[in-house]
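Since every read-out is calculated from the coordinates, none of them should be taken as a lab result. Model, not experiment: these values are computed from the prediction. Note that we place each Cβ from the backbone using ideal geometry, even for glycine, and neighbour counts take in every protein chain shown.
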Protein chains: 2
Amino acid sequence: MSAGTRILNAALRSKIMSAEEAAALIPSGVNVGMSGFTGAGHPKSVPAALAKRIMDANLYGKKFKIGVWTGASTAPELDGALAMVDGVEMRLPYQSDPTCRKRINAGEMEYIDIHLSHVAQSVWFGFLGKLDVAVVEVSGILEDGRLIPSSSVGNNKTWLDCADKVILEVNSWQHPALEGMHDIYYGTALPPHRKPIPIIKTDDRIGEPYFRVDPNKIIAIVETHQTDRNSAFSAPDESSRKIAGHILEFLEHEVAKGRLPKNLLPLQSGVGNIANAVLAGLNKGPFENLTAYTEVLQDGMLEMIKSGKLTVASATAFSLSPSALTELNSDLDRFKHNIILRPQEISNHPEVIRRLGVIAMNGMIEADIYGNVNSTHVMGTKIMNGIGGSGDFARNAFLSFFMTPSQAKGGEISCIVPMVSHVDHTEHDVQVIVTEQGLADLRGLSPKQRAKVVIENCAHPHFKPALMDYYKRSLDHSPGKQTPHLLEEALAWHLRYLREGQM
Amino acid sequence: MSAGTRILNAALRSKIMSAEEAAALIPSGVNVGMSGFTGAGHPKSVPAALAKRIMDANLYGKKFKIGVWTGASTAPELDGALAMVDGVEMRLPYQSDPTCRKRINAGEMEYIDIHLSHVAQSVWFGFLGKLDVAVVEVSGILEDGRLIPSSSVGNNKTWLDCADKVILEVNSWQHPALEGMHDIYYGTALPPHRKPIPIIKTDDRIGEPYFRVDPNKIIAIVETHQTDRNSAFSAPDESSRKIAGHILEFLEHEVAKGRLPKNLLPLQSGVGNIANAVLAGLNKGPFENLTAYTEVLQDGMLEMIKSGKLTVASATAFSLSPSALTELNSDLDRFKHNIILRPQEISNHPEVIRRLGVIAMNGMIEADIYGNVNSTHVMGTKIMNGIGGSGDFARNAFLSFFMTPSQAKGGEISCIVPMVSHVDHTEHDVQVIVTEQGLADLRGLSPKQRAKVVIENCAHPHFKPALMDYYKRSLDHSPGKQTPHLLEEALAWHLRYLREGQM
């Protein structure tokens, strides 16, 4: 099937042009809302064509930069290409591209790290400035002009509604069976006109399967046929398997105590090898009829749908390894009945997450002995990716896990530290910390009680004595003993790593 | 009217006893859920009688400690009395009593600082352990056994539902016209059975005016006739008036830009002199037909109801100075039509706060140049009061302000610092910082952009050069430049204050 046959609206077919011609319609200085959430559903050709245009401008000594707003992370042909030519003035709300990250940490690109549920409303509120252009991948256009969404929804509804001008990429590589899988909610409003979001079960559909767009705003349509791009996962290593084991044991314990139903509550899982190991563990575990209310559907959840363990997954995007993507696309007609893709303001909505009682499982960079979590900044200053939806889920979850191996860099870094070098999740929002060493259940514990459990259960034996020594000396000498600290030493571990290469 | 005539249920009248007899029914080692939110609606006599019992036990060498759970802060005859005799093993979720605070910071009392919206559900989830006894002040008992709530609602519904045993204090000092003012919502549930909270306007009533309680659980009823106790506010000082002025100017600007309706959006205001100054400013300001969706109704809001500026205030408690309380009680029949008191899980519910688009205004201890806020810990280790509802509101608000004078301790302390010594609200949740020096609008700014605005607009001139120097050197030498820091200096200002008495 050629891309052309995906554009059923005759008037819109007249707007088909090349990626280069479409990129030429984006001037310097504008804010561009692009589709894309993880390496799924991002525009595949216009951003790279725009990057080339920017390179040309630079070669002639002209400054050419834009603001780039997305759903979350994208792929090399978007973030990588635009960062390579230094074409991004301001990036938001999340990224994970190596070139982009390098620019940001070199101070060459501004970056705002935003709770993913806050992005769309901040644009509607007018808090982020004017959105000039939307560049959105879709998998087709209906005869009446409505758009069939692609493999991620992200903020696309908001970009299409709020942008002055719209450029569409119609990607014929996307599976036709995506049609009908999406649930685009058009019931949001500005305060004081908001109503309850009427989701009460993971599989509730509250919207429609298509985006609406004012055809007069569409300035270009570009046909593409290119694959989504996500990295392969590594097979779960020993450490990830242990973390998964601790979580499963804990969940079984909670069910036994009557604090969780037998089929648990809707699962949220971040991306990455540890998250995938936990899902693999759940797939072999004792729980049946599970559901997921999460941001991204990754390999582990696909396996759970296949095995029948997971009856429905609600997300805003796919985040599948190449092999899992092939598998999904070979049988999408079957899978589609178990999957709902929603706008990220709904997939990550505090109201819905709290109502459903989600079990949130997210990775982190480091935790401190009192249960504060750093999800974003290496040694306090270098951004890794961003907070993403972890705050939306952790704050509003029924149960919230943060997971990391106890050490990094071959043992040079302890991921349990006296004081985190940057705080993304405060002591008020962190219930359970898990490393391969064990699990610290912080519910109902004061900071001093937490410290003992975190050090004892989660720290690597190599760092445990030094952590306990810090805690005990803090207890003796701290001016206040609600959260004992020695401020002269609190960040010394990080500083030692920066100076000597080990904590 | 004597307390006796407030107890219309004949069977329950048989359970009337003295405070001492009731206190004798509370054994050591139990968790007690007490009423009270600010100095309103707390039990006035049983806690002090219990404190005397604990003192007696201590005199005979017996350990006697209980867990004390409340709505928020209380008064000397509860927190003060129990802390004085070292009778509290674990305190949650908020306190502001000097004796209590001293015990906590001396390491003699465990304290868990919890988002106020999280407390009730954590008890229902079983995360905080068993609630053994409820001690709840009410203003009357109906013939059918239902209870007329007092001047605060807090977590009383949950305490009455979840505790094994219930002790009631019927306080005939509370105004009879409180009857009908409350809106007790019985629609909450455990996941997966939760439904939307059906509030869509500040003045929506979704519950009933009375508490239900199983009469078989009631083990004692104590009659009291004692006043609520809150401190007087000082008249707004120069600094508070300037902060109020900056906020008013900002709100007018937002209305002019079309980002806020003319009558704004529902107001939330923390307690204290700055908050009261802002309300006094609003009372003289250009905005009409305002509403409040907040935790506590303080003097400033009462003035706004009187002037007609505020049409309705929804809260969970009164927090009125003695003179304002006298005024309220002299005309409660009139005021009651403008006031709704709800359980704190509803007054602080993220779902409702986000839906209504609340304008949140909260005080803080310090902010750092990147917009992280410390609301709780002096110099990182000593708890002041607690996070209270500030996180519930700030994260979910339409607009969120954090306010402080730029200096404390007569200029020895800068309230704008390179890095906060404790984080309660992260960069992701802080939109506007205000001091008497000016206002920093952080919306849509990257951390580096924020630093310049915070230093320029909010820091005291005395500290501005040193802050700018820190920022510029960080920009040169920080390993990462997303959030530039020099870790060896980041907490040096606090350390210098601890060692030398000035930053």
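Remarks
- Among the residues of this structure, residue B:440 counts as one that is in contact with a Cys (Cβ under 7 Å, 6 or more places away or on another chain) and either away from chain A (no Cβ under 12 Å) or under 29 Å from residue A:478 (Cα atoms) (or both).
- Residue in the stretch A:230-237 that is touching a Lys or Arg at 6+ places or on another chain (Cβ under 7 Å), part of a loop (DSSP other than H, G, I, E, B) and within 30 Å of residue A:311 (Cα to Cα) present: no
- Test for residue B:148: is it outside any helix (DSSP H, G or I) and within 23 Å of the chain's Cα centre (by Cα): yes
- Residues (of a type in the set (Asp, Glu) and more than 23 Å from the chain's Cα centre (by Cα)) located in the stretch A:23-78: A:56
- Within the stretch A:259-288, the set of residues being closer than 19 Å to residue A:396 by Cα and within 12 Å of chain B (Cβ to nearest Cβ) comprises A:259, A:260, A:261, A:264, A:265, A:266.
- Applying the condition of being of a type in the set (Val, Ile, Thr) and in a loop (DSSP other than H, G, I, E, B) to the stretch A:193-229 and asking which residue is farthest from residue A:22 (Cα to Cα) yields A:200.
- Number of residues in the stretch B:95-130 that are surrounded by fewer than 19 Cβ atoms within 10 Å (Cβ to Cβ) and without any contact (Cβ under 8 Å) to a residue 40 or more places away in the chain equals 8.
- Options B:459, B:492, B:451; residue that is aliphatic (A, V, I, L, M), surrounded by 24 or more Cβ atoms within 10 Å (Cβ to Cβ) and within 14 Å of chain A (Cβ to nearest Cβ): B:451
- Condition check for residue B:255: of a type in the set (A, V, I, L, M, F, W, C), within 14 Å of chain A (Cβ to nearest Cβ) and either more than 26 Å from residue B:115 (Cβ to Cβ) or part of a helix (DSSP H, G or I) (or both): yes
- Some residue of the stretch B:355-365 being under 30 Å from residue B:489 (Cα atoms) and within 13 Å of another protein chain (Cβ to nearest Cβ): yes
- For the stretch B:387-406, the criterion of being over 21 Å from residue B:315 (Cα atoms), within 12 Å of another protein chain (Cβ to nearest Cβ) and in a loop (DSSP other than H, G, I, E, B) is satisfied by no residue at all.
- The residue that is surrounded by the fewest Cβ atoms within 10 Å (Cβ to Cβ), among those in the stretch A:1-43 that are of a type outside the set (A, V, I, L, M, F, W, C) and more than 20 Å from residue A:172 (Cβ to Cβ), is A:27.
- Test for residue A:85: is it surrounded by 19 or more Cβ atoms within 10 Å (Cβ to Cβ), more than 27 Å from residue B:481 (Cβ to Cβ) and more than 20 Å from the chain's Cα centre (by Cα): no
- One residue stands out among those in the stretch B:465-489 that are of a type in the set (Asp, Glu) and closer than 19 Å to residue A:490 by Cα: the one that is nearest to the other protein chains (Cβ to nearest Cβ), which is B:488.
- Residue that is nearest to the other protein chains (Cβ to nearest Cβ) [pool: residues in the stretch B:135-191 that are touching a His at 6+ places or on another chain (Cβ under 7 Å) and surrounded by fewer than 22 Cβ atoms within 10 Å (Cβ to Cβ)]: B:173
- Qualifying residue in the stretch A:371-386 (condition: more than 10 Å from every other protein chain (Cβ to nearest Cβ), not in a strand (DSSP E or B) and not polar (S, T, N, Q)): yes
- Residue in the stretch B:432-443 that is touching an Asp or Glu at 6+ places or on another chain (Cβ under 9 Å) and among the hydroxyl-bearing types (Ser, Thr, Tyr) present: no
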